Amino acid sequence: MANHIVCFHFFHPLFLFFALIASLTVQAFTGTYGINYGRIANNIPSPDEVVTLLRAAKIKNVRIYDADHSVLKAFSGTGLEIVVGLPNGQLQDMSVNADHAFNWVKDNVQSFLPGTRIVGIAVGNEVLGGDDLSLWGALLGAVKNIYNATKKLHLDDLIEISTANSFAVFANSYPPSSCKFKDNVSQYMKPLLEFFSQIGSPFCLNAYPFLAYISDPDHIDINYALFKPTKGIYDPEFRLRYDNMLDAQIDAAYAALEDAGFDKMEVIVTETGWASDGDQNEVGANVSNARTYNYNLRKRLAKKKGTPHRPKNVVKAYIFAIFNENSKPGPTSERNFGLFKADGTISYNIGFHGLNAGDSSLLSLKNIKNQGLSQSYAMVFSISALMLLIF
């Protein structure tokens, strides 16, 4: 009995402390709007400055494509919620080495909690349907080992495990009701979805009306892609009309999930955006269209409503991306998806507070940095005060 009492008094304050943190990180996505923080560039602001930009824009949900420690340290005490990524290059190792997965989670996730609010781990990016077939078979093993690591570290109730999928996993997506997974993808996708359904993970989709439009500009109404007034399309099987392409893409994913037997799984858009510049053959990649898409997308997400096929499932999306990334390979569009330019000024105005297209980046950052830091420290001090009261 005495031992039990001692244990209770020792763990009771810690229990209250972590219960407080857990209450702040119950969901992997707060609200409906998030952003991807890509860093394939040599001229973008520091992680500390990025924190200031995000807080000024009131963007709380952030995804990165690795677990860079400088980023995780900068996000500590800010209240921003971050999903870290396990890069594709590490999937094969993690799939066969549970110890390596455990150490990865311990070093890159647990060691930064609770100061940095890590709410999810994205295991790989656009693996299934991708060019590297050797990774297809490694994905599920890596997902399971990463999840088991969070379970051993008692983080499984705080950290959501997922992987993002491109439209390459689908055999057909038009009309939305006809969408199914490709036959060669299904044998890998179904076991993955079965595991995700067991642990409560969503289906993560990278959805780009931009890519669909530039692939067939002669037959796709650009107004439909940009959320502008249009007659849209009618899906005879669903008996539903779509007035914008993103909703149709999301419902296509729901149709594929239903066909595979996972009708209760939520779809979250992990990437979407529009390029502000592109090559000559990338029709529609310009500042005007990028502004229109992202402005209208922001308005659409703010309504907190679902899609025609799933009206009760509120659409949640991470925008791609914070910055133009000058070191990304591929067509010109790949380097021009940023809401912000490399110097911290906005690429175009979609209504974010604290930054204007004509502002000096450094002045804008300095003007709002003190406010951001004071809020960060206030949060730290509040938790510290609670700890003092508990102890």
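The values are calculated or read from the model by the stated rules, or taken from the named source; none is laboratory data. Everything numeric in this text was worked out from a predicted model, so none of it was measured. No Cβ is skipped: glycine too gets one built from the backbone with ideal geometry, and neighbour counts run over all protein chains shown. Accessible surface is based on the protein model in full, side chains and every heavy atom, while ligands, DNA and RNA are left aside. Shrake-Rupley method; radii C 1.70, N 1.55, O 1.52, S 1.80 Å.
Summary of values
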item	result
Failed condition for K151, given (1) more than 22 Å from N206 (Cβ to Cβ); (2) touching a helix residue (DSSP H, G or I) at 6+ places or on another chain (Cβ under 8 Å)	(2)
Single match in E81, E49 (criterion: acidic (D, E) and touching a Leu at 6+ places or on another chain (Cβ under 7 Å))	E49
Top-ranked residue of the range 30-59 - restricted to ones that are open to solvent by 20 Å² or more (accessible area, probe 1.4 Å) and hydroxyl-bearing (S, T, Y), ranked as modelled with the lowest pLDDT	T30
Options I268, I319: the member that is of a type in the set (A, V, I, L, M) and touching a Lys or Arg at 6+ places or on another chain (Cβ under 7 Å)	I268
Test result for L240, of a type outside the set (G, A, S) and open to solvent by less than 10 Å² (accessible area, probe 1.4 Å)	no
Residues (more than 20 Å from E266 (Cα to Cα) and free of Cβ contacts under 8 Å to residues at least 24 places away in the same chain) located in the range 177-210	D183, N184, Q187
Contacts under 6 angstrom Cβ, first residue in the range 250-267 being in contact (Cβ under 8 Å) with a residue 12 or more places away in the chain and aliphatic (A, V, I, L, M), partner in a loop (DSSP other than H, G, I, E, B) and open to solvent by less than 10 Å² (accessible area, probe 1.4 Å), 6 or more apart	I250/T307; A252/C179; A255/C179; A256/C179
Counted residues, the range 290-323 - those being closer than 25 Å to E126 by Cβ and crowded, with 20+ Cβ neighbours inside 10 Å	16
The listed residue being touching a residue at least 24 places away in the same chain (Cβ under 8 Å), out of contact with any strand residue (DSSP E or B) (no Cβ under 7 Å at 6 or more places or on another chain) and of a type outside the set (S, T, Y), out of A142, A164, A122, A101	A101
Residue check, Y224 in contact with a Ser or Thr (Cβ under 7 Å, 6 or more places away or on another chain), open to solvent by less than 40 Å² (accessible area, probe 1.4 Å) and within 26 Å of N281 (Cβ to Cβ)	yes
Condition met for A101 (among the small types (G, A, S) and part of a strand (DSSP E or B))	no
